[in-house]
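Shown next, in structure tokens, is the structure this report addresses.
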Amino acid sequence: MKLRIVKDNKPSLRKKSSDVKMPVSSNDMELLYAMNEYLIKSQDEEYATKHHIRAGVGLAAPQVGVNKRMFVVYINDGNSIFNWILINPKIIETSARMVALKDGEGCLSVDQDHQGLVHRHYKIKMSAFNLLSMKEEIIVAEGYHAIVLQHEYDHLDGILYYDRIDPFNPYSPRPNETIL
């Protein structure tokens, strides 16, 4: 399945996504596995260069033109691989402590660079159906992993990372915020 990344000028990327009907349809499964494969291949420098794609660690269904509440995360930090294929995720708990990446965030759907800190919760607890385990799970994530999960979750509500940058003080950390 060939995926086409929807860019941020498309109105569909700003729509709130619908819940996925359970049990998961074969079409939704096929799409999610294709999204996962895309992320894995995007992190292979040779493949990404040859196919003119940018590396990504997360991809939400609205980014490929499907407004359903599902996304994929694939993070290979050199020591461990964190891979989630999540359906109908819900953030059920957040920390008061905040976090932001010092160099800001990026997005496969956003070609133009948007400078500034993207303020997110340092720790989150999320419930979702994980297609990899075929069961409902509770995921607890901190720091970078929590940032990635929240970034993808935002796509399901039509929110882009640059919506969270303070236009008047783009580099001002919040109280109780860790900068990674």
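FRET efficiency for the pair Lys123 and Asp19, taken as 1/(1 + (r/R0)^6) with r the Cβ-Cβ distance and R0 = 41 Å, rounds to 0.95.
Among the listed pairs Lys7/Lys50; Lys50/Lys135; Lys102/Lys135, give every one whose C-alpha distance is greater than 30 Å. Walk me through the intermediate numbers first.
Numbers: Lys7/Lys50 21 Å; Lys50/Lys135 36 Å; Lys102/Lys135 35 Å.
Distance filter (> 30 Å) returns Lys50/Lys135; Lys102/Lys135.
Computed from the Cα positions only, the extents of region 130-180 along the three principal axes stand at 44, 24, 13 Å, in decreasing order. Once backbone amide H atoms are built at 1.01 Å from N, Glu137 has Ala128, Phe129, Asn130 as its partners under 5 Å, excluding neighbours fewer than 5 places away on the same chain.
Need one word for region 1-42: rounded, prolate or oblate. Basis is the Cα gyration tensor (sqrt eigenvalues a ≥ b ≥ c); a/c below 1.5 gives rounded, then a/b vs b/c decides. Oblate, because a/c is 1.5 or more while a/b does not exceed b/c. The Cα-based radius of gyration and maximum Cα-Cα distance (Dmax) for region 54-103 are 13.4, 34 Å. Taking the centroid of alpha carbons for each part, region 56-93 and region 109-130 are 11 Å apart. For a modelled paramagnetic label at Phe168, 7 Å from Cα along Cα-to-Cβ, the residues of region 81-122 in reach, with backbone nitrogen under 20 Å, are 115-120.
Stick to the Cα atoms of the chain, pair each with every other, and give me the Kirkwood hydrodynamic radius in Å at one decimal.
Details: mean 1/r = 0.0600 Å⁻¹.
Result for the chain, one decimal place: 16.7 Å.
Among the GluC sites (Glu not before Pro) found in region 1-81, not one is both in a DSSP coil and sparsely packed, with 16 or fewer other Cβ atoms within 10 Å of its Cβ. Per residue, the average separation of C-alpha pairs within less than 8 Å and at least 6 apart gives region 24-95 a relative contact order of 23 percent.
Note: relative contact order over region 108-152, using C-alpha pairs below 8 Å and six or more positions apart, is 35 percent.
Identify which of His52, His155, His119 has the largest mean-square fluctuation in a Gaussian network model of the chain, with springs joining Cα atoms closer than 10 Å. Between His52, His155, His119, it is His52 that shows the largest mean-square fluctuation.
Packing here is the average count of other Cβ atoms within 10 Å per residue, and on that basis the peptides 102-110, 5-13, highest first, run 102-110, 5-13. Computing Rg and the Kirkwood Rh from the Cα coordinates of region 83-180 gives a ratio, Rg/Rh, of 0.98.
Would you mind getting me the FRET efficiency between Asp103 and Ser133? Use the beta-carbon distance for r and R0 = 35 Å, nearest 0.05.
Numbers: r = 33 Å, r/R0 = 0.94.
With R0 = 35 Å, the Cβ-Cβ based efficiency is 0.60.
We did not get these values from a lab; they are worked out from the coordinates using the rules stated. As the structure is a prediction and not an experimental result, all values here were calculated from the model. Note that each Cβ is placed from the backbone with ideal geometry, even for glycine, and that neighbours are counted across all protein chains shown.
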